[in-house]
Amino acid sequence: MLEISEDLRVKLDYRIFEIVQNSPATEIKAIIVTSLPPSSEVINEIQKASLKVDRVFSIMNVVKVRGKAKNVISLLDKPFVKYIMLEEVIVNAPELI
């Protein structure tokens, strides 16, 4: 069972928390709202967490990422992260057959 402190849990969409509890290797798309415009250092920190940066919206302080749910929540303790929201759960159809 994954333990996330209450002060970090308020920065995380509850749906991501549930996905990580049940299947941490599930691939998701997430929206990371940052506390400052995403600089190259912020993007590098996100990529170090084994996440693919899909889009960066500097004017809105938003970075869209794709990767495993457990890697997404590894960013919670970073000072630049204001909130992480689930955008989409990626399901590969051949695995379902």
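The values are calculated or read from the model by the stated rules, or taken from the named source; none is laboratory data. Here the structure is a predicted model, which is why all the values come from computation and not from measurement. Note that we place each Cβ from the backbone using ideal geometry, even for glycine, and neighbour counts take in every protein chain shown. These area figures cover heavy atoms from the full protein model, side chains too; ligands, DNA and RNA do not enter into them. Shrake-Rupley method; radii C 1.70, N 1.55, O 1.52, S 1.80 Å.
Distances between placed amide hydrogens fall under 5 Å for Lys82 paired with Val33, Thr34, Ser35, all partners being 5 or more residues away or on another chain.
Ranked from largest to smallest solvent-accessible area, with a 1.4 Å probe on the protein heavy atoms, Lys68, Lys82, Lys48, Lys11 come out as Lys48, Lys82, Lys68, Lys11. Ser35 accessible area, nearest 10 Å², 1.4 Å probe? Accessible area of Ser35: about 70 Å². Using a probe of 1.4 angstrom and keeping all protein chains present, the accessible surface of segment 29-71 works out to 55 square angstrom per residue.
Of the residues Thr34, Thr26, ranked by 1.4 Å probe accessible area with the largest first, the sequence reads Thr26, Thr34. Charge tally around Lys68: other residues with Cβ under 13 Å, Lys/Arg +1 each, Asp/Glu -1 each, net +3.
Measuring nothing but protein heavy atoms, the accessible surface of the chain at 1.4 Å probe radius is 54 percent carbon and sulfur.
If only the Cβ of Lys and Arg carry +1 and only the Cβ of Asp and Glu carry -1, the dipole of the chain around its Cα centre is close to 240 debye.
All other residues whose Cβ lies under 12 angstrom from that of Glu41 are scored, Lys and Arg at +1 and Asp and Glu at -1, for a net of +1. Per residue, the chain reaches -7500 deg cm²/dmol at 222 nm when only DSSP H runs of four or more residues are counted, each adding -39500 (n - 2.57). Projecting the Cα atoms of Pro37, Ile4, Phe80 onto the charge dipole of the chain, computed from C-beta unit charges around the Cα centre, puts Pro37 farthest toward the positive end.
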